[in-house]
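To keep things clear, I will list the structure first and then write my remarks on it.
The values are calculated or read from the model by the stated rules, or taken from the named source; none is laboratory data. These figures come from a predicted structure and were not determined experimentally. Cβ atoms come from the backbone with ideal geometry, glycine included; neighbour counts cover every protein chain shown.
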Amino acid sequence: MGLPCLYLITDRTASCAKGLLPTLEAAFKGGVKLVQLREKDLPARELLSLAIEVKALAALYGARLLINDRVDIALLAAADGVHLTSKSYSPKEARSLLGTGRLIGVSTHSVEEALKAQEDGADFVTFGPVFHTASKAGMGEPVGIDRLREAAQKLSIPVFGLGGIDESNIKEVATQGASVALITAIMASNDPGSAAQKLLDAIAGC
């Protein structure tokens, strides 16, 4: 089950001027093929309703949808998988509910965490924050490029660098053997479709 080089994580507060769905549609038109619905403050009913809408929109563009940490919502919305936080249940436990046909990603903040996630059956990990970013301020100091490279070298599953990645440094991340996950560079852009296209062009062939 191959994964694209770019992984978009949502933040509807960053895209409030355009709205979440129009921002995502522009991103899909720009070439995004994998998105995580990460609206952690929404009650279950609202999150499910939004997930169903995003799933339908993603399907129009051949993109896949993951739900942040909620296996129940992922199943009800017929999403393509989940992304688990570092404090969630294990990928092995999630797999018992999701079956073999869906993706499971895990947030990691050290090489040791990343290796453990792989051992437990994750399909991929996010690793970071690579650079300083306000959205990941609670995750401690940036892990940096060297740790990202180490994780990418030691894991056999895809490693997505996350945190503070934009057009100015995305190539640096991609040259470490890692893929790229990001939020603000697309979600907060005045032209998310163009932003997505430029970011994808920058890492073409990763």
So Leu42, is it assigned to a loop (DSSP other than H, G, I, E, B) and free of Cβ contacts under 8 Å to residues at least 60 places away in the same chain: yes
Which number in (1) of a type in the set (Gly, Ala, Ser); (2) farther than 26 Å from Ser194 by Cα; (3) at pLDDT 95 or above; (4) surrounded by 15 or more Cβ atoms within 10 Å (Cβ to Cβ) marks the one condition that Ser88 misses? (3)
Tell me yes or no: at least one residue of the stretch 10-28 is assigned to a strand (DSSP E or B) and at pLDDT 95 or above. no
Number of the condition not met by Thr133 [criteria: (1) within 23 Å of Asp80 (Cβ to Cβ); (2) surrounded by 15 or more Cβ atoms within 10 Å (Cβ to Cβ); (3) polar (S, T, N, Q)]: (1)
Looking only at the stretch 145-174, how many residues end up being part of a loop (DSSP other than H, G, I, E, B) and either in contact (Cβ under 8 Å) with a residue 24 or more places away in the chain or in contact with a helix residue (DSSP H, G or I) (Cβ under 9 Å, 6 or more places away or on another chain) (or both)? 10
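This table checks each residue for (1) under 18 Å from Ser86 (Cα atoms); (2) at pLDDT 95 or above; (3) surrounded by fewer than 22 Cβ atoms within 10 Å (Cβ to Cβ).
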{"site": "Gly31", "(1), (2), (3)": "no, yes, yes"}
{"site": "Ala51", "(1), (2), (3)": "no, yes, no"}
{"site": "Val54", "(1), (2), (3)": "no, yes, no"}
{"site": "Leu66", "(1), (2), (3)": "yes, yes, no"}
For the stretch 181-205, pairs from a residue that is of a type in the set (Lys, Arg) to a residue that is at pLDDT 95 or above and outside any helix (DSSP H, G or I), with Cβ under 8 Å and 6 or more apart or across chains, are Lys198/Glu167
